[in-house]
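No value in this document is a laboratory result; all are computed from the given coordinates. Keep in mind it's a predicted model, so treat the numbers as computed, not measured. For neighbour counting, all protein chains shown are included, and Cβ atoms are generated from backbone atoms with ideal geometry for every residue, glycine included.
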Amino acid sequence: MKVKTLFYCTECGNELPKWAGQCPACRAWNTIVEQPQEKAAKKAGSTKKAGSALGVAVRPPKAMSEVETTDELRFATGMGELDRVLGGGAVKGSLVLVGGSPGIGKSTLMLQICDSLCRFAKVLYVSGEESERQIKLRAERLRVRGEGLYLLAETNLENMVDAVHQLQPDVLIVDSIQTLYHGDVTSAPGSVTQVKECTLTLMQLAKGEGLTVFVIGHVNKEGSIAGPKVLEHMVDCVLTFEGERQMAYRILRATKNRFGATNEIGVFEMGEEGLSEVPNPSEALLAGRPKDAPGTCVTCVMEGVRPVLAEIQALVVPSSLGNPRRVSNGFEYSRSMLLLAVLEKRGGLMIGGCDAYLNVIGGLYLEEPAADLAAVLALASSFRDRPVPSGLAAIGEVGLTGELRATSALGQRLAEVQRLGFTKCLIPKRTQGKLPVPDGLELIRVANIREAMAALL
């Protein structure tokens, strides 16, 4: 009897009836592999009995009235920026996934929080990428004390679970999920099946025994966490560590959080002694900003509940190519193209034959429409070679007709603008509700981008 085969994508885990060059789900090329259907069914069945096979305790149902919801279930990690992103601290029995590119500082962050956690909890640090000696050398460099910290260099999932049962730690850190492998699964470590099985077991450990688990995961070239997309649905929190390796600043962003707000960010600075917190990111991101230079403008965006000032720089030069070049860094490319079209059609600037470059300083990625006005002013300032006043910030969403629309939390944004020493702020003429004006801050209300450019340029 001929063995039936199953095709699945190694990038996202999507199953297909036949082979294809491109996955229809994640659009990745050359990721479809073939696998016998009997083995796939066996592996799927092992998921159901993974808990009992690995010795994970199975708990009976509990009445809702007996479930504890006290504040003691949440504890501080010792890093204020990490606690902010987590929603006030880590939650007992939660599974947190920390993703980022190699070398960005994920392992450093997890090892540094051990210094604070070990003061009141027992921590087990499991590494499949480093030996115990390498981890200790790195801990000494980061000045992390070893009291209450236990190290284990292991890639076998069963051995790790046995060590957890013997030690009974309060916090478990796994570095990384792509190095763990399940003995009953024949595929290689880091594959879709292995990652799913290992994550499921870790989730059962966290929920069944009240163990707080931090899992480190690498990202692929597209910037998403390597492995199946279902991995992000299985965990409680997904934290993404962003930043360029050549730059000092790192941004920790929450893309999923069952116990707090999403889109919250924490800012860190990478130094010789590891990561240090940046409690005032606006001041740090604006440090070294050129004054009276064309092509730069400051805006204020909301990252979760925190207002953050960001500098947008633009460079517009005549193009020598048939198709002008367009580059956008830290700003959505399609949004920048839209603003360029609006600037030419509604603003009257013949910018179509010029190369346009847009960059957000500090490694921030601005998704909020409130940054539109600052981007338009930066582009117009570079095109006309006239600087935007250094003491001015711009906040507002730009529509297709060139009009300016109101933004949310404008009062918080203006307070942050005034706190950082700005004296003027360009805002839409129409605002939502009564707007408190901070002392010493002059508001310039404009209806469209033509009025904005006429007032400043």
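Brief remarks follow.
- A dipole drawn for the chain from +1 and -1 charges on Cβ atoms has a positive end, and of Ser382, Val215, Leu137 the residue lying farthest that way is Ser382.
- Inverse mean reciprocal Cα-Cα distance (Kirkwood Rh) of region 76-279, Å: 16.8
- The value of relative contact order for the chain, using C-alpha pairs under 8 Å at least six residues apart, is 12 percent.
- Highest-first packing order for the peptide set 418-429, 193-204, 355-366 is 193-204, 355-366, 418-429, based on the mean count of other beta carbon atoms within 10 Å.
- Rounded to 5, the percent of DSSP beta bridges in region 76-279 classed as antiparallel: 35
- Selection of GluC sites (Glu not before Pro), region 56-160, meeting DSSP coil and at most 11 other Cβ within 10 Å: Glu68, Glu147
- On full extension, the segment bounded by Glu451 and Glu273 gains 59.1 nm, given 0.36 nm per residue less the C-alpha separation.
- Taking every DSSP beta bridge that has both ends in region 288-456, the antiparallel portion is near 55%.
- Unmatched cysteines, the chain - criterion: no other Cβ of a Cys under 4.7 angstrom: Cys114, Cys118, Cys198, Cys237, Cys297, Cys300, Cys354, Cys425
- Taking a straight Cα-Cα cut-off under 14 Å and skipping sequence neighbours fewer than 8 places away in the same chain, the aspartates and glutamates within cross-link reach of Lys429 are Glu397, Glu403, Glu442, Glu451.
- For region 374-457, the percent of C-alpha pairs falling in each 5 Å distance bin, counted from 0 to the bin holding the largest distance, reads 3, 15, 28, 24, 20, 8, 2, 0.
- Set Lys18/Lys207; Lys345/Lys434; Lys62/Lys256; Lys92/Lys196; Lys106/Lys424; Lys256/Lys291 screened for pairs whose C-alpha atoms are more than 29 Å apart: Lys18/Lys207; Lys345/Lys434; Lys106/Lys424; Lys256/Lys291
- Considering only the chain, percent of DSSP beta bridges that pair antiparallel, nearest 5: 50
- Here the contact order of region 67-192, divided by its residue count and restricted to Cα pairs under 8 Å and six or more residues apart, works out to 23 percent.
- Taking trypsin sites (Lys or Arg not before Pro) across region 284-351, the ones in a DSSP loop with at most 12 further Cβ atoms lying within 10 angstrom of their Cβ are Lys291, Arg325.
- Two-site FRET efficiency, Thr255 against Arg384, from Cβ-Cβ distance with R₀ of 45 Å, rounded to 0.05: 0.70
- Semi-axes of the equivalent ellipsoid of region 288-456 are 25, 16, 15 Å, computed as sqrt(5λ) over the eigenvalues of the C-alpha gyration tensor in descending order.
- Sparse-neighbourhood loop sites, trypsin sites (Lys or Arg not before Pro) in region 130-189 - DSSP loop, at most 16 other Cβ within 10 angstrom: Arg143, Arg145
- Dividing the radius of gyration of the alpha carbons in the chain by their Kirkwood radius gives 1.04 for Rg/Rh.
- The dipole here belongs to region 123-216: it is taken about the Cα centre, uses +1 on the Cβ of Lys and Arg and -1 on the Cβ of Asp and Glu, and is about 380 debye.
- Contact order relative to length of region 303-457, as percent, for alpha carbon pairs under 8 angstrom and 6 or more apart: 23
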